[in-house]
Each structure stands twice: as C-alpha cells, then as structure tokens.
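The numbers here are math on the coordinates, done by the rules we state, and not lab data. Because the structure is predicted, anything quoted here is derived from the model rather than measured. Counting neighbours? That spans all protein chains shown, and the Cβs are built from the backbone with ideal geometry, glycine included.
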Amino acid sequence: MSRYRLSPTPAQEAALAEHCAHARFVWNLAVEQHAHWKPGRKSAPGFAEQCRQLTEARAAFGWLAAGSIVVQQQALKDFAQAMANFFGGTHRKPTWRRRGRSEGFRIVAVKADQVRRLSRNTGEVKIPKVGWVRFRWSRAVPGGVKSYRITRDAAGRWHVAFAAVPKPVPAPATGEAVGVDRGVAASAALSTGQLLTAPGLREPEARRLLRLQRRLARARRGSHRRAKVKAAIARLKARQSDRRKDWVEKTSTELARRFDVIAVEDLKIRNMTRSAKGTVEQPGTNVRQKAGLNRAILAAGWGRLVTRLEDKAPGRVVKINPAYTSQTCNACGHRAPDNRESQAVFRCVACGHRADADVNAACNLRDTAVGRTVAARGGSPSGGPVNREPQRDLLLVG
Ligand SMILES: [Zn+2]
C-alpha cells in the first residue's frame, strides 16, 4: 500500500463522505447480523447471502441505491475479511464503525486509465460517482493498481492508498533458509541471531503523545479544544503506523532478497504457543516496558509482514506449526517447558545450550522448514541429539 494525500474540492468531499456513510451503514448492518448470532443458532449470513440482502436493501432504500454498489459490496467483503482475521486469531472481532472515526471505502476493478499523472506533484484518480479527484504525487504510484482505498482520518484529511501486488523479489539461489519468529523483547528474531525492532514513536514524540492524552482527558466534551487535541493525537498515531508499515516493506524485501526459504510460524495455530511464550498480560519482568509496543506489532505488523513475505517471495515462505518451537533446544533437540532461564533467555536443561529465546525459536522454525530437526514435531522426548552442523550464530548471542 502506498498512501497519498487526496485534495478533493468541497463538492467532491461531500460525495466522498456519502460513500463513507454507505460503507459504514452496510458494515454496521453486517456487525449487527453477527451480533445476533449465538452458538447453536443457524450460522450468520456469509458474504454471498449478504450480497443478496444488499440488493434487497438497495431496492428498499433510495438513498442507498443512489450510491455506488462497488463501495457497498466492498464494505461487505472487508467485513468478511475482518471476520476471517478474527477467527484466524490475528485480529479482534470487528465492531461498529462510528461516524468521523476511521472512515473509508474501497474501490476495486480499477482500470489503468483511471489513475493518471497531471504534473510533477499532482495526480488524479477517477472515483465512481465522484469524478476525477486530485492527489499529491508524493512518490511513484505502483504499476498495475488493482484497487484502492479512500480514507478520512480523525484529523479530517483524505488519503488514497493504491494496492498493487508487489513484484516478486528474485531469490538469491544460495539454498539458505531463515527462521523468523515474533519476538517478545524485539519485534522479530531471525535464526541468524539478528533481532529486528519495528520503529515506533521517538522519545520526544512519545512524551508529547502522553501529554496530549492527558490534555484530552481534561478537555470538555464537544469543545473546540478537544477536537484540536484529538486531531494532534491522530497525527502522531498516523506517523507511528506509517513508520511500521515502512518497516514491514523494507524488512520483507530484505528477507526475500537474502534467503531462499523463509520459515514463519503458522498464525492460525499461534494461540497454542502463547502460553509457552508467556502472554502479553504476563510477560517476563524485563519485557514489560516493551509489551505495549509489541502488542501493537503482534496485532497488525506481524500479519502484514507475513502477507508481504508471501507477495515478495511466492512459494518460498513455509508456515510452521509453532507448537514447541519455544520449548525445544535447537542444539540438542531436548524439549521441556522449563527450558527457560527467563522470558528472554533460553537455557537447555539437558545440554546447557543458552541463547536468546526468540532466536532459538527462530532456529527451530528454520530447521523444521528444511526438515532437519525434532523441533515442533511434538515427538518423543527420548529423541536424542541429532547430527547437525555447529550453530555458530547461536553461540554469538545470549
Ligand atoms: Zn539442549
């Protein structure tokens, strides 16, 4: 996704807001249907059924029919994706969308001539029922745009984000594999021993955010001052999220370029490993300060990183069942829940191997991907030492 600042005219802004209202209406309808659903009842309507209902709703409500069907259908599709993410365990359950907060809509089936450049700094995009809307051409628009999303942030700024599947990055053809594990203390750990940290806010920015949040708590509801403080908070948060997105792009490209095989844990079964790693609520003592930042990374960044890796290294990403990867010694294969010196440090009770806990897990992911370890197979504890090359990179950390 690359995001550009949109500069609609006042009339266009009204039309965009109308699209947002329709998308919100349809989304909230879907939320409501799912809220009524309880275990044991007939399943809540899926995407296809909801589309049929949308057709009926459009026939009944003139104002809905006057809007764009693409906008409304995509809202349903987004909702279906949000539910899938929720069941996948990567996201929270989708909730009501409220007016004025993270509003937006998506347009799909975009044709090549619907995005064009006008001058060095200006481009325009053709939006259904709105017309050509200008945007700041702040960087190259990716080729082959298939869809885009229009959003209005809490500060009232409009953006367009073009989605194009990034071109695959050529594999280095060295046969080298890497394991990437979600970190507890860092954002991600590589089996090479490298620890990666997604950028957040800088120290002065974090202090400013805290100050603004305190000010917000004191500001009177509905006051002009409150709106201003809210907008300032939204800008800081947007900056933070931009930096993380940027980090995901760079990190995924680098991994795809450096390694032939990239092993990550399978998110669908990640809850199984949660207790082994310690939960976010009960982290080890020395990771508590970073838990807040990490929670956000875990929620959004990690899923995005894996998606991007699959885009850029198609067929080279291996998803591994993460069970036991954090309990198994990468040096001797011994598996025990007490193979931990602390949350951050792995120490094998059998062979004494000591390493960064996340790096040890990343090594297990890598070795499972290339099929040369007992890790994660949940096999017999008697599985003795296996023949393996020296884990030089592991000895350098911890
Ligand atoms: Zn060991």
Taking the Cα centre of the stretch 56-195 as origin, work out the dipole magnitude from +1 charges on Lys and Arg Cβ and -1 charges on Asp and Glu Cβ, in debye rounded to 20. 660
The answer for residue 103, listing residues at least 5 apart or on another chain whose modeled amide H is closer than 5 Å to its amide H, is 152
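From the alpha carbon gyration tensor of the stretch 84-150, can you work out the equivalent ellipsoid semi-axes (sqrt of 5 times each eigenvalue) and give them in Å, largest to smallest? Walk me through the numbers before you get to the answer.
Numbers: eigenvalues 170, 44, 30 Å².
Equivalent ellipsoid of the stretch 84-150: 29, 15, 12 Å, largest first.
Once you've got the Cα coordinates, tell me which of 126/250; 126/228; 250/319; 77/146; 77/250; 129/230 are over 26 Å apart. Working shown, then result.
On the way: 126/250 30 Å; 126/228 32 Å; 250/319 21 Å; 77/146 15 Å; 77/250 28 Å; 129/230 31 Å.
Checking Cα-Cα distances, 126/250; 126/228; 77/250; 129/230 exceed 26 Å.
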If each part is reduced to its alpha-carbon centroid, the stretch 188-218 and the stretch 20-36 end up apart, in Å, by 33
Rounded, prolate or oblate (a/c below 1.5 giving rounded, otherwise prolate when a/b exceeds b/c) for the stretch 113-236 by Cα gyration tensor: oblate
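Take each of the peptides 116-129, 227-240, 150-163, average the number of other beta-carbon atoms within 10 Å over its residues, and list them starting from the highest.
Working: 116-129: 14.4, 227-240: 16.6, 150-163: 18.4.
In descending order of packing, they fall as 150-163, 227-240, 116-129.
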Could you work out the percent of alpha carbon pairs in the stretch 16-155 separated by over 26 Å, rounded to a whole number? 32
